[in-house]
Amino acid sequence: SNYLVFGSVIAEEIEQDSFRSFGRMLFEQLCIVGVNVFVLISGYFGIRPTKKKFFNLMFQIIFWSVLSTAVGLLFGVDVSIKSVAKTFWLGGYYWFIPAYIALFAFSPVLNKFIEHSTKKEFLVVVLSFFAIEFFYGWLGKMASYNLGYSFASFIGLYLLGRYVNLYPGKICKFDRRIDTLLYFVLSIIPAIVAFVTIMKMEKDFATLSYTSPFVVCAALFLLLYFTKLNITSQSINWIAASVFSIYLFHQHPSIVPLFKSVFLKLNCVVNESLLLYILCSIVIAVAGGFIIVCVDKIRVWMWKILVKRIPILS
């Protein structure tokens, strides 16, 4: 509801409304950690790939691709065959899926390395990976890293997540309030740097990227905060089982135009008030997300029937 809808902040926008511009930058920094946290969680617990899990994932993608296309057509979106085809070869906004499938397939190799390496060897590999990624992927913007929109970036996050689970050092044992503080500080610093450099030089020297050391470290401390909470909830698990469907729906090429139009209209309704826009966006996101999660339970029910009737899927 921020950069996807309005685009990134530019110098002219800062000149017109510096408060709103900085607010947009900070909000984007606070939220961009989501993808990295998702992959860190995968590493923290470890992926154990099975045929059933793979088919379940692919069925979820197909189910939401078909449903999203139907919704787009229902609301009069000009849905081209090319854009719909992209969702099946997993291009465009669906970049995350092939990257994660590659991680899923490659995880046994990573798990073998983790099991047969010493703590020191493991740490050297993790530190070396991120030193190279930060230099070439973030500063150098090397195409192979694609600002973190890549399988290569996911490997490092997976290893980092696994390492902090297996070998929790001092950095993992901070009070969770310190974790929260570090998450905010690591989000505020690049937002300030970006704001100043765009305003003064019209160039963002803290490029928003999943390969950014600020984003990786902020994501890590956000993860560590939650590892220190002791929560047992069937409701959370019920929602979490379907949360990936929110991404599959709102990033579908048939839905993105609708998504953008809703938030552009909202911005006009609240008269471009940043705080009011953020509050309304959160309400819409939570309500819309809950509806998608409920619809996804139909997909879960269908999958259970398919598994029973088609043995090869189990």
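Figures for the structure shown
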| read-out | value |
| --- | --- |
| Enumeration of residues in region 213-244 that are within 22 Å of Ile292 (Cβ to Cβ), open to solvent by 60 Å² or more (accessible area, probe 1.4 Å) and not in a helix (DSSP H, G or I) | Ala241, Val243 |
| Selection count, region 263-274, where residues are open to solvent by 100 Å² or more (accessible area, probe 1.4 Å) and in contact (Cβ under 8 Å) with a residue 40 or more places away in the chain | 1 |
| Residue within region 141-151 that is open to solvent by 30 Å² or more (accessible area, probe 1.4 Å), part of a helix (DSSP H, G or I) and of a type outside the set (S, T, N, Q) present | yes |
| Some residue of region 293-303 being at pLDDT 90 or above and either closer than 24 Å to Ser187 by Cβ or not in a helix (DSSP H, G or I) (or both) | no |
| 3 or more residues modelled with pLDDT of 90 or more and open to solvent by less than 50 Å² (accessible area, probe 1.4 Å): qualifying helices (runs of 4 or more DSSP H) within region 27-128 | 33-45, 51-74, 96-116 |
| Pair list, Cβ < 6 Å and 6+ apart or interchain, from region 55-73 residues that are closer than 18 Å to Pro257 by Cβ and among the small types (Gly, Ala, Ser) to residues that are part of a helix (DSSP H, G or I) and open to solvent by less than 40 Å² (accessible area, probe 1.4 Å) | Ser65/Thr87 |
| Pairs where the first residue, in region 282-310, is under 26 Å from Val5 (Cα atoms) and the second is part of a loop (DSSP other than H, G, I, E, B), C-beta under 6 Å, 6+ apart | Val293/Ser242; Asp296/Ser242 |
| Answer from Lys119, Lys141 - the residue that is within 30 Å of Asp204 (Cβ to Cβ) and basic (Lys, Arg) | Lys141 |
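The values are calculated or read from the model by the stated rules, or taken from the named source; none is laboratory data. As the structure is a prediction and not an experimental result, all values here were calculated from the model. Note that each Cβ is placed from the backbone with ideal geometry, even for glycine, and that neighbours are counted across all protein chains shown. Calculation scope for accessible area: heavy atoms of the full protein, side chains included, ligands and nucleic acids excluded. Shrake-Rupley method; radii C 1.70, N 1.55, O 1.52, S 1.80 Å.
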